[in-house]
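Read-outs: derived from the displayed coordinates by stated rules, not from any lab. Computed from a predicted structure; not experimentally measured. Glycine gets a Cβ as well: all are built from the backbone with ideal geometry, and neighbour counts include every protein chain shown.
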Amino acid sequence: MADNCSNELINPNWAKHGYIQVYTGDGKGKTTASLGLAMRALGRCWKVLIIMFMKGGDDYGELNSFRNLSPEIAKNLTIIQAGADRIVYQSNKTDADISVVKEGWELAKRVIKNDEYNLVILDEANIAIDMGFIDLDEMIDVLKNKPEEMEIVLTGRNAKQEIVDIAHLVSEIKPVKHYWDTGIAARKGIEY
């Protein structure tokens, strides 16, 4: 099988400027949108880093899919989980939760500064900021000083206005109707 990433016809001038994108709001689909973007970028031979803040464990359908990518696509993808294997709220957060998020954030800062990826997805970073696990001012500084061609995506509810103000693209996903409201539980293959 040919390595499509060596094909000169695949957008040799893929970008001259990378942007900051934010997917926020109370609706379903923020992480899903960012992972779709990751697949698109991988299909164009971009190096992609996904850091999943607030999410541990491996019972996610998207992780299963990413594990089964072809070798020539998988070589450009790194996924880091920086969260506990449970839902973390203000009321149940622990020092261990804070520590694992901070480790993920230190990695993110390093790879952004070193310009190691074309696309960096900081999944649930907005939640980590909102809960005080990641310092807002530090995030703003990193975003303002990112490498020129790097694209960075932040997902999660409660995006801070300061993040929205410096972002180039902001999508607020609003719920109109959701079957969860009728008592239907999260389903494998759809919600996780």
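Computed on segment 15-182, with alpha-carbon pairs under 8 angstrom and 6+ residues apart, the relative contact order is 41 percent. Global dimensions of segment 115-192 from alpha-carbon coordinates: Rg and Dmax equal 15.3, 46 Å. Of all aspartates and glutamates in the structure, the ones whose alpha carbon falls short of 19 Å from that of LYS113, not counting any fewer than 8 places away in one chain, are GLU103, ASP123, ASP135, ASP137, GLU138, ASP141, GLU148, GLU149, GLU151. Rounded to the nearest 20, the size of the Cβ-charge dipole of the chain about its Cα centre is 480 debye, with Lys and Arg at +1 and Asp and Glu at -1. Between TYR192, ILE163, LEU107, the Cα set farthest toward the positive side of the dipole of segment 102-192 (charges on each charged residue's Cβ, about the Cα centre) is that of TYR192.
How much length is gained on full extension from ASN114 to ILE80, taking 0.36 nm per residue of separation minus their Cα-Cα distance?
Numbers: separation 34, 0.36 × 34 = 12.24 nm, distance 1.71 nm.
My answer for the length gained is 10.5 nm.
Peptides 45-52, 165-172 ranked from most to least packed by the mean count of surrounding Cβ atoms within 10 Å: 45-52, 165-172.
Globularity index of the chain is 1.04 (Cα radius of gyration / 2.2 N^0.38 Å, N = number of residues). Rounded to the nearest 500, the helix-only mean residue ellipticity at 222 nm of the chain stands at -9500 deg cm²/dmol, with each DSSP H run of n ≥ 4 adding -39,500 (n - 2.57). Taking each of LYS146/LYS188; LYS75/LYS177; LYS75/LYS174; LYS55/LYS174; LYS55/LYS146; LYS75/LYS144 in turn, the alpha-carbon distance tops 32 angstrom for LYS146/LYS188; LYS75/LYS177; LYS75/LYS174. Of the candidates ASP58, ASP181, ASP135, which one comes out as most mobile in a Gaussian network treatment of the chain with C-alpha springs shorter than 10 Å? Ranking ASP58, ASP181, ASP135 by mean-square fluctuation puts ASP181 first. Sparsely packed loop sites in segment 53-140 (the chymotrypsin sites (Phe, Trp or Tyr not before Pro) outside DSSP H, G, I, E and B with at most 15 other Cβ atoms within 10 Å) comprise TYR89.
Positive end of the charge dipole of segment 21-168 (Lys, Arg +1 and Asp, Glu -1 on Cβ, about the Cα centre): tell me which of LEU35, ASN92, LEU69 has its Cα farthest that way. Toward the positive end, the furthest listed residue is LEU69. Across all directions, the average flat footprint of the convex hull enclosing the Cα atoms of segment 55-117 is 5.1 nm². Computed from phi, the 3J(HN,Hα) profile of segment 74-87 under the Karplus parametrisation 6.51, -1.76, 1.60 (θ = phi - 60°) reads 4, 5, 9, 10, 10, 10, 10, 9, 10, x, 6, 8, 6, 7 Hz, with x in place of Gly and Pro.
The modelled label-to-label distance between ARG40 and LEU69, using points 7 Å beyond Cα along the C-beta direction, is 1.5 nm.
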